[in-house]
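**Q** Could you have a look at this structure, given as structure tokens, before my questions?
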Amino acid sequence: MKHLIEKTDRDPTAFEMRVYDAVREVPPGRVTTYREVAERIGCGSSRAVGQALRRNPFAPEVPCHRVIRSDMTMGGFKGREMGAVITEKIKLLEYEGVRFREGKLSDSEQLFLY
DNA sequence: GCCCTACATCAAC
DNA sequence: GTTGATGTAGGGC
């Protein structure tokens with residue numbers, strides 16, 4: 001399979017490290033947004049955060065499922081925009097105390113702000 | 001060094 | 001639905 005055009009594993013950059021570190025600060029029963037993480041690490045770019053989380057070499061130590069959009073939706077997960085993966089993560093979050101409703105965060109008060 | 005592409009976004013239309 | 005903008009990283013030249 002490895003032949004050409006394969007980004008595969010590259011070592012985490014300093015920027016990605018900051019992202020993972022910020023996400024790990026989120027306690028159980030709490031969620032945060034890409035924007036919050038971006039601001040936390042000193043950048044206004046939420047997509048850079050998304051890229052780092054997508055690669056997430058620290059999973060499941062880094063709970064990417066606790067990072068949601070500013071729209072309170074899951075947006076995407078592991079390359080999937082929706083599906084059984086999303087549903088399972090929502091169930092997991094609900095077990096931790098985070099309430100979701102139809103793929104959206106029910107209470108914005110559960111957002112973890114830095 | 002510069003330009004292009006991709007990204008799990010955001011904002012505006 | 002679309003486009004443009006943001007920041008980061010990879011690849012090609």
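The values are calculated or read from the model by the stated rules, or taken from the named source; none is laboratory data. A quick note: this is a predicted structure, and the numbers were derived from the prediction, not measured. Neighbour counts are summed over all protein chains in view; Cβ atoms, including those assigned to glycine, are modelled from backbone coordinates with ideal geometry. Note: areas computed on protein heavy atoms with side chains; ligands, DNA, RNA excluded. Shrake-Rupley method; radii C 1.70, N 1.55, O 1.52, S 1.80 Å.
**Q** Would you mind working out the accessible area per residue for region A:14-110, using a 1.4 Å probe, and quoting it in Å²?
**A** Spelled out: the 1.4 Å probe surface of region A:14-110, per residue, equals 60 Å².
**Q** Counting helices only, and only those DSSP H runs with n ≥ 4, report the 222 nm mean residue ellipticity of chain A as the sum of -39,500 (n - 2.57) divided by its residues, in deg cm²/dmol to the nearest 500.
**A** Calculated at 222 nm, the ellipticity per residue is -10500 deg cm²/dmol.
**Q** Something else about it: Using a 1.4 Å probe on the protein heavy atoms, what percent of the accessible area of chain A belongs to carbon and sulfur?
**A** Here carbon and sulfur together make up 48 percent of the probe-accessible area.
**Q** Given points 7 Å out from each Cα along the Cα-Cβ axis, report the A:Arg35 to A:Thr13 separation in nanometres with one decimal.
**A** Placing both labels 7 Å along Cα→Cβ, they lie 2.4 nm apart.
**Q** Just to be sure I understand: with springs between alpha-carbon atoms less than 10 Å apart, which residue in A:Gly103, A:Gly75, A:Gly42 has the highest mean-square fluctuation in the Gaussian network model of chain A?
**A** Looking only at A:Gly103, A:Gly75, A:Gly42, the largest GNM fluctuation is found for A:Gly42.
**Q** While we're on this one: Under a 10 Å cutoff between Cα atoms, tell me which one of A:Arg40, A:Arg80, A:Arg99 has the largest fluctuation in the Gaussian network model of chain A.
**A** Highest fluctuation of the listed residues: A:Arg80.
**Q** Evaluate E = 1/(1 + (r/R0)^6) for A:Arg24 and A:Lys104, where r is the Cβ-Cβ distance and R0 equals 22 Å; express this FRET efficiency to the nearest 0.05.
**A** Efficiency for this residue pair is about 0.35.
**Q** Same structure, new question: Please list, ordered by chain and number, the residues whose modelled amide H lies under 5 Å from the amide H of A:Ser106; skip anything fewer than 5 residues away on the same chain.
**A** A:Arg99, A:Phe100, A:Arg101
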